[in-house]
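Below: one structure, written as structure tokens.
The values are calculated or read from the model by the stated rules, or taken from the named source; none is laboratory data. Keep in mind it's a predicted model, so treat the numbers as computed, not measured. All Cβ positions, glycine included, derive from the backbone under ideal geometry; neighbour counts span all protein chains shown. All accessible areas refer to the heavy atoms of the entire protein, side chains included, with ligands and DNA or RNA removed. Shrake-Rupley method; radii C 1.70, N 1.55, O 1.52, S 1.80 Å.
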Amino acid sequence: MKSYTQISGEIGEFSDLPFWKKADDIDLAYVGYGLFVVTLVILSYFLGAFNLLPHDPQDINLELMMAPPLTSGHLLGTDFMGRDMLTRLIVGIQAYFLPGLLAIFIALFFGTVLGVLSGYPAKAGFDTGITYFANLVDSFPRLVLILLVIAAFKPDIYYIMLVVGITNIPAVASHIKGKILFLKQKNFIEADIALGLPTRTIILKHILWHNCRSILIIQATLGMGEAILMETSLSYLGFGVQEPTPSWGNMVQAGSNYFMKGQFWPSTAPSLAILFTILGFHLLGDGLNNILEGKRNK
């Protein structure tokens, strides 16, 4: 059932059905797979955080070195030091989970603030200063900044994700600013101002919550996927999480030495974990964005 309402001189159409019933099947599949991956990541993180693991990730068993998958007591086999692969995969989530959340928070919070300051007020000074800042951040190659941080400090993943979050601020600010400039042309913003609504209510509720949440969702999911890729890549190269602490990246690097010998599982298992996890976050963001924006129904 559809209803029609007039808001600030504009005719709006909305449906009484919940948004998931209006969604396309492929978007529901995207979101379902993404939520499944996110749930596995969160559960695995807490299993590792509270040490509810099948084995000690640092426990070395020289008698079971390079044991194949489905070995008794080792579902995914063991690595070159006899350590359980499944346990190390679970613990490896800790290498990117909290650092990734830090990067996402920095990018979304400061990007949203700068986007609102440059897009909503009628003062040109805000926009000019923020544009200069965004151009300054974008002018530095991210990899160079990360290598400088690694050179100045020890290879700590939190410092690296701090750089990732800061360098993502201009992109978020640009998206928020563009959306606000588009919304300012709509009559409901003028009506809100004419009715005397507080600026805080207009920005937080009518602009950010009702109209920018899809932008923030897609940026958050893409940001976590990027954080996973960045952490695993740097750990593979030896700049991120260091042995013996498990990371999916250093597990791929350690297992690659045995791949051509036919012992492929030590590198294949973490590689597939990276692939399907990043895919899950990307599909989750894409599906939610399509559902909230109603793109497939247009």
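Quick rundown of the values:
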| read-out | value |
| --- | --- |
| Residue count, the range 69-104 (criterion: open to solvent by 10 Å² or more (accessible area, probe 1.4 Å), in a loop (DSSP other than H, G, I, E, B) and in contact with an Asp or Glu (Cβ under 9 Å, 6 or more places away or on another chain)) | 3 |
| Only one of G119, G115 that is more than 23 Å from the chain's Cα centre (by Cα), at pLDDT 85 or above and surrounded by 16 or more Cβ atoms within 10 Å (Cβ to Cβ) | G119 |
| Unmet criterion (only one of (1) assigned to a helix (DSSP H, G or I); (2) closer than 30 Å to Q58 by Cα) for F239 | (1) |
| Near pairs, Cβ below 8 angstrom, 6+ apart or cross-chain, from the range 139-163 (free of Cβ contacts under 8 Å to residues at least 12 places away in the same chain) to any residue that is open to solvent by less than 70 Å² (accessible area, probe 1.4 Å) and of a type outside the set (D, E) | Y159/V149; Y159/I150 |
| Unmet criterion (only one of (1) touching a Leu at 6+ places or on another chain (Cβ under 9 Å); (2) surrounded by fewer than 23 Cβ atoms within 10 Å (Cβ to Cβ)) for L143 | (1) |
| Residue count for the range 259-272, restricted to those that are open to solvent by 20 Å² or more (accessible area, probe 1.4 Å), touching a residue at least 24 places away in the same chain (Cβ under 8 Å) and in contact with a helix residue (DSSP H, G or I) (Cβ under 6 Å, 6 or more places away or on another chain) | 1 |
| Qualifying positions in the range 191-221 - more than 26 Å from F105 (Cβ to Cβ) and either modelled with pLDDT of 90 or more or not charged (D, E, K, R) (or both) | A191, I193, A194, L195, G196, L197 |
| Options F276, F188, F281; residue that is open to solvent by less than 60 Å² (accessible area, probe 1.4 Å) and modelled with pLDDT of 95 or more | F281 |
| Every pair of residues 6+ apart whose Cβ atoms lie under 7 Å, when the first sits in the range 191-218 and is more than 30 Å from L35 (Cα to Cα) while the second is open to solvent by 30 Å² or more (accessible area, probe 1.4 Å) and in a loop (DSSP other than H, G, I, E, B) | A191/S8 |
| Condition check for A173: in contact (Cβ under 8 Å) with a residue 12 or more places away in the chain and under 18 Å from the mean Cα position of the chain (by Cα) | yes |
